[in-house]
1. Whether any residue in region 128-136 is surrounded by fewer than 22 Cβ atoms within 10 Å (Cβ to Cβ) and without any contact (Cβ under 8 Å) to a residue 12 or more places away in the chain is what I want to check.
2. Within the set of pairs 6 or more residues apart or between chains, which connect a residue that is touching a residue at least 12 places away in the same chain (Cβ under 8 Å) inside region 480-497 to a residue that is surrounded by fewer than 20 Cβ atoms within 10 Å (Cβ to Cβ) and assigned to a strand (DSSP E or B) with Cβ atoms less than 6 Å apart?
3. Applying the selection to region 441-465, what residues are acidic (Asp, Glu) and either under 13 Å from Leu347 (Cα atoms) or touching a strand residue (DSSP E or B) at 6+ places or on another chain (Cβ under 8 Å) (or both)?
4. Any residue that is touching a strand residue (DSSP E or B) at 6+ places or on another chain (Cβ under 9 Å), outside any loop (DSSP other than H, G, I, E, B) and assigned by TED's automatic domain parsing to the domain that holds Arg352 - is there at least one of those in region 486-494?
5. Among (1) buried (at least 20 other Cβ atoms within 10 Å of the Cβ); (2) assigned to a strand (DSSP E or B); (3) out of contact with any Lys or Arg (no Cβ under 8 Å at 6 or more places or on another chain); (4) not basic (Lys, Arg), where does Cys72 come up short?
6. Under 27 Å from the mean Cα position of the chain (by Cα) and either of a type outside the set (Val, Ile, Thr) or within 20 Å of Gly455 (Cβ to Cβ) (or both): which single residue out of Ala515, Ala471, Ala490, Ala503 fits that description?
7. With respect to the numbered conditions (1) surrounded by 15 or more Cβ atoms within 10 Å (Cβ to Cβ); (2) in contact (Cβ under 8 Å) with a residue 40 or more places away in the chain, which one is the sole condition not fulfilled by Glu260?
8. In region 106-127, how many residues are crowded, with 22+ Cβ neighbours inside 10 Å and assigned to a loop (DSSP other than H, G, I, E, B)?
Amino acid sequence: MTAASAAWWQRGVVYQIYPRSFQDSTGDGIGDLRGIERRLDYLTELGVDAIWISPICRSPMADFGYDVADYCDIDPRFGTLSDFDSLLTAAHARDLRVVLDFVPNHTSSEHPWFIESRSSRDNPRRDWYVWHDAAPGGGPPNNWISDFGGSSWEWDEATGQYYLHAFLKEQPDLNWRNPAVRDAMYEVLRFWFARGVDGFRIDVLWHLVKAEGFPDNPPNPAYRAGMGEMHRVQQLHSTDQPEVHAIASEMRRIADAYGERLLIGEIYLPIERLMHYYGRDTAGVHLPFNFQLIDAPWNARGLAAMIAEYEAALPPGAWPNWVLGNHDRPRIAAKLGEAQARVAAMLLLTLRGTPTIYYGDELGIGHVEIPPAQVQDPRELREPGLGLGRDPVRTPMPWDATPNAGFTTGAPWLPLSADWADRNVARLRKEPGSMLSLHRRLLALRRAHPALSIGDMALLDGVEAAPDVLAYERRHGDERLLVALNLGSAPQELALPAWARHARPLLSTLESAAAPSAERIVLRPDEGIVLARTSAA
């Protein structure tokens, strides 16, 4: 692969924006599209190539945009279609691509389609959703559990049937076995592609099709208290059905018809099942999200094995991808602390494949405490006390030390992080050793070295003497780089391969990088380093 032959999404880095929390332009305490446009120069300065914006379509906000009432309009809280067009034009002028969230598994219960569907059993749109009679003797048709707890079935008194909802009852599942549903949703893709959108992240792609006959899901033998009620059963029949792959392929066909567009699939599945979403001959989504780093135990040998397994499982021609966090999962700095979050940032941005950065992670935002009276997330409200709430990772972006961190002139919809007065963009961009400065240097390094953006990768052998070190080589043409990451809090000595002896340091996660000796390098506690082969090596 060359820089000229690589697609933009193979060369680039994606940055996820949670729009409610990025920048408010109106003073209502909720971020919006004009706010995002206002901050585009920050994103180009950071060095990312694309922004993925979480849902902005018209919605009652029962689940903050993941309950869509109109797929082809912008929710007034975020602005208008004209505001979106302005944002898209401004982003493209800066060579920034724009990826939107597409939520195809379910609509809002206030969507006109569902209002028609539940109006009567003989309505033409009745079969656009999943309706079912009660079980013999009464009660839900089967034991399927909503991802937010409780039964996945909601009784509709007016028509005397249950409807299916994998999430909230305000989010009824569409019936993707109905050709009319598929056609209508494909038209949504075409609407936005024609408007100039560069791609979609497809929400819960593996949920789209349900097993015919709706059999019970088997009990989960690994379930334990505190996991969340959804884990009482294995989602064998309610997700990941073989028919979904034809749908993904049709979405890919539509995307390809508009040129170099991107489809990212949200899919939480084991690796062997995840790989099917690339499609036969890579005719599925371009990037089935690889979430392994989010839950991986933070140790060098385990991460090396995970990386090797993932790389080996990729179908021919498939392109890898990596993420450290998102709008649903705890922030990396909250899990590892800032010292190792810096090492994790180097890992994310030097592995082979397309990385996605979650907004605020470049500042090192950690856990944010949400007082009970300020909880917004319906998942936390339904299953309180289990630590499943998503509010702590959706808090407003701290831009500066002015009131409300420069995010809003009003009252923020969620509390700011406690250290926002010190941990904000304006302050960290001035500090050479800050987390933000590290991200900027890492992203600049990716752009300057094709070995990091599109090159091959090989895990380094012979690191047994350095048990906390994860090391790998990145190669492209004559360029060879070595990445060595100390995942521990003690110094580690790593023997260098012959080609890397006398290598020069390009970047350390600490403020300065020590040059290696002829044959080895000593990594300081919590240090990651990138080395480049010298002409003499």
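The values are calculated or read from the model by the stated rules, or taken from the named source; none is laboratory data. It should be emphasised that the depicted structure is a prediction, and the values quoted were computed from it without experimental measurement. A quick note on method: Cβ atoms are made from the backbone with ideal geometry, for glycine too, and the neighbour counts reach across all protein chains shown.
1. yes
2. Leu481/Ala532; Pro491/Val522; Glu493/Arg520; Glu493/Val522; Ala495/Arg520; Leu496/Arg520
3. Asp456
4. No, region 486-494 has no match at all.
5. Every listed condition holds for Cys72 apart from (1).
6. One residue alone meets the criteria, Ala471.
7. (1)
8. Result for region 106-127: 4.
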